[in-house]
Amino acid sequence: MGTEKKLQGKTFIITGASSGMGKATALLFAKEGAELVLSGRNLDRGNKMVSEIEAIGGKAIFIPGDVAEFKYNQALVEAALQYFGKLDGVVFHAGMLGLGAITELEPSLWRKTFAVNVDAVFFLLKFAIPELLKRPSASVVINTSIAAYKSFPNHPAYCSSKAALLAFSKQSAVEYGPSIRVNSICPGPVDTPFIHASASAFPDPAKAVENAGKNTLLQRLGQPEDVANLCLFLVSADSSWITGSAFTIDGGVLAKS
């Protein structure tokens, strides 16, 4: 007999699924038997993701769009019901940086950063929660970042929005327990395109990325798969008594602070 897959027969929506931590999470969930609705902006990358998942025997569809748009989030939930007939969980990985010092940051970029990082989570859960309440062991994971606790140069919009997400995830856990478990993850420096974009706020971006890895207690950048493994734990039965919690996964960065 083969090893039982941890997510067999369950359906998840994953945002930010076409690259980085979202992509790693989608591939791992597919290997563990989940049916997936993948969200992202790039149709070509999304279609490639579906092909990769199908190649390992998984099931997935990709719905391109902007998570900051209210109706798009409704479409994601409708797709889960149309293609798979149910929704068991949501994992939020989509995000944007909105770089700029307070005195230089355009109000439109501040608002867009909050729209992508915070509004989108509210929008999708607004549509997802009624369906999640119908399922046993429903679970939500929100990618929040150590930026919820730690400031970075020229990141006021990003850090503020991530702190807001941390509070929102706890509030959601309180409102919908025991039916739905809601937890947040707080990654530190992970080797994705996102960290290289973030490093552009520093005088020497390449050195900033290098130092980010060296400055962790484990002396390396995290890998997307590290974060995917934590997401799997938090949506699976292995974490059935965990909700309203925030999990730091940063190689020890905050322990040094």
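Since every read-out is calculated from the coordinates, none of them should be taken as a lab result. Just so it is clear, the model here is predicted, and its values are computed rather than measured. Glycine also receives a Cβ, built like all others from the backbone with ideal geometry; neighbour counts cover every protein chain displayed.
Give me the number: length gained by fully extending ASN229 to GLN8, i.e. 0.36 nm times residue separation minus the C-alpha to C-alpha distance, one decimal in nm.
Answer, rounded to one decimal: 77.9 nm.
What ranking do HIS93, HIS196 get, fewest neighbouring Cβ atoms within 10 angstrom at the top?
HIS196, HIS93
Less than 11 Å Cβ to Cβ from SER184, Lys/Arg counted +1 and Asp/Glu -1: what total charge do the surrounding residues give?
With Lys, Arg at +1 and Asp, Glu at -1, the net is +2.
Could you please rank TRP241, TRP110, placing first whichever residue has the fewest other Cβ atoms within 10 Å of its Cβ?
TRP241, TRP110
So which residue, out of GLN82, GLN171, GLN223, gets the largest mean-square fluctuation from a GNM of the chain using Cα contacts under 10 Å as springs?
GLN82
Mind giving me the FRET efficiency for SER51 and ALA237? R0 is 35 Å, r the Cβ-Cβ distance, nearest 0.05 is fine.
Given R0 = 35 Å and the Cβ-Cβ separation, E is 0.75.
Give a residue-ordered list of calculated ³J(HN,Hα) values for the range 63-79 (Karplus: 6.51 cos²θ - 1.76 cosθ + 1.60, θ = phi - 60°; whole Hz; x for Gly, Pro).
Those phi angles translate into 10, x, x, 9, 5, 6, 8, 3, 5, 4, 5, 4, 5, 5, 5, 4, 5 Hz.
Cβ under 13 Å from LEU221's Cβ, LEU221 left aside: what net charge do those residues give with Lys, Arg +1 and Asp, Glu -1?
Neighbourhood net charge equals -3.
Label SER179 and LYS207 with points 7 Å out from Cα along Cα→Cβ: what is the distance between them in nm?
Spacing of the two 7 Å Cα→Cβ label points: 5.5 nm.
If amide H atoms are built 1.01 Å from N in the plane of the peptide, which residues on other chains or at least 5 residues away come under 5 Å of the amide H of SER184?
ILE142, SER245, ALA246, PHE247
Just to be sure I understand, if you calculate Kirkwood radius over Cα pairs in Å for this structure, which of (i) 22.4; (ii) 18.3; (iii) 19.3 do you get?
(ii)
Over the range 1-69, calculate the relative contact order: mean separation of alpha carbon pairs under 8 Å at least 6 apart, over the residue count, as a percent.
Taking the mean separation of contacting Cα pairs over the length of the range 1-69, I get 31 percent.
In whole Hz, what ³J(HN,Hα) sequence does the range 91-99 give by Karplus (6.51, -1.76, 1.60; θ = phi - 60°), x for Gly and Pro?
Karplus-based 3J(HN,Hα) across the range 91-99 equals 10, 9, 10, 5, x, 9, 8, x, 5 Hz.
Springs between alpha-carbon pairs under 10 angstrom, Gaussian network model over the chain: which of ALA246, ALA197, ALA115 fluctuates most?
Answer for the Gaussian network model of the chain: ALA197.
Exposed loop GluC sites (Glu not before Pro) only (DSSP loop, at most 14 other Cβ atoms within 10 Å): please give the longest stretch of the chain free of them, not including the sites.
No qualifying site falls inside 105-257, the longest such stretch.
How high is the relative contact order of the chain? Use alpha-carbon pairs under 8 Å, at least six apart in sequence, and give a whole percent.
With pairs under 8 Å counted, the relative contact order is 19 percent.
Sum -39500 (n - 2.57) across every DSSP H segment of at least 4 residues in the chain, then divide by the residue count to get the 222 nm mean residue ellipticity, nearest 500.
Computed ellipticity for the chain at 222 nm equals -13500 deg cm²/dmol.
Could you give me the ³J(HN,Hα) list for the range 147-155, computed from phi with Karplus coefficients 6.51, -1.76, 1.60 and θ = phi - 60°, whole Hz, x at Gly and Pro?
For the range 147-155, the Karplus-derived couplings read 5, 5, 10, 10, 8, 9, x, 6, 10 Hz, x marking Gly and Pro.
Suppose the Debye formula is applied to equal point scatterers at every Cα of the range 195-250; what is log10 I(q)/I(0) at q = 0.26 Å⁻¹?
Per q value, in the given order, log10 I(q)/I(0) is -1.02.
Please give the net charge around LEU254, taking every other residue with its beta carbon less than 15 angstrom from that of LEU254, where Lys and Arg add +1 and Asp and Glu add -1.
So the environment of LEU254 carries a net charge of +2.
Please give the length that would be gained between HIS196 and LYS59 if that part of the chain were fully extended, namely 0.36 nm times their separation in residues minus their C-alpha to C-alpha distance (nm, one decimal).
Going from the current span to full extension adds 46.2 nm.
For a quick check: with amide H placed at 1.01 Å from N, whose amide H comes under 5 Å from ALA138's, ignoring anything fewer than 5 positions away on the same chain?
ARG181
Mind putting together the pair-distance distribution for the range 157-257? All Cα pairs, 5 Å bins, whole percent per bin, short to long.
So the P(r) values, bin by bin, are 2, 12, 18, 20, 20, 13, 8, 4, 2, 0.
Kindly put SER239, SER172 in sequence by how many other C-beta atoms sit within 10 Å of each C-beta, fewest to most.
Ordered from fewest to most neighbouring Cβ atoms within 10 Å, SER239, SER172 come out as SER239, SER172.
Run the simple label-point estimate for ARG135 and GLU78 please: 7 Å along Cα→C-beta, distance reported in nm.
If labels sit at ARG135 and GLU78, their model points lie 1.9 nm apart.
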